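Below is one structure; the comments refer to it alone.
The values are calculated or read from the model by the stated rules, or taken from the named source; none is laboratory data. Just so it is clear, the model here is predicted, and its values are computed rather than measured. Virtual Cβ from ideal backbone geometry, glycine too; neighbours counted across all protein chains shown.
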Amino acid sequence: MTADHTPIRRLRASDGLWATYETVCRRTFGRSRSEDLVEHMRTIVREHGTDEELAVLEEAERETEERRARKGGRPRAAED
């Protein structure tokens, strides 16, 4: 399942909600809406995942860290 990049996922949200969510995430959490959504997904899996789902999350986190190590860290911030 390892790839050189993280796939882009599609999400349906109104333009107003999408824009407002970005400003709230930046102001409140100091992160982008994408970072916030990913953190929310991790939290949900940690709190409600089965042992198998937790193992998948652990492997996904390892893959992300390996990719960042190869590419020199977190990607630069971009508008999403």
Out of curiosity, is Leu11 of a type in the set (A, V, I, L, M, F, W, C), part of a loop (DSSP other than H, G, I, E, B) and under 22 Å from Glu61 (Cα atoms)? yes
Counting only residues that are in contact (Cβ under 8 Å) with a residue 40 or more places away in the chain and outside any loop (DSSP other than H, G, I, E, B), which one in segment 23-38 is farthest from Thr6 (Cα to Cα)? Arg33
Residue pairs, Cβ under 9 Å, 6 or more apart or interchain, first in segment 63-80 and at pLDDT 85 or above and part of a helix (DSSP H, G or I), second surrounded by 11 or more Cβ atoms within 10 Å (Cβ to Cβ) and among the β-branched types (Val, Ile, Thr). List them. Thr64/Thr6
Scanning segment 30-67 for residues that are closer than 29 Å to Ala19 by Cβ and in contact with a Lys or Arg (Cβ under 8 Å, 6 or more places away or on another chain), which turns out surrounded by the most Cβ atoms within 10 Å (Cβ to Cβ)? Ser32
Can you name every residue in segment 13-29 that is out of contact with any Lys or Arg (no Cβ under 6 Å at 6 or more places or on another chain) and either surrounded by 12 or more Cβ atoms within 10 Å (Cβ to Cβ) or not polar (S, T, N, Q) (or both)? Ala13, Asp15, Gly16, Leu17, Trp18, Ala19, Thr20, Val24, Arg26, Arg27, Phe29
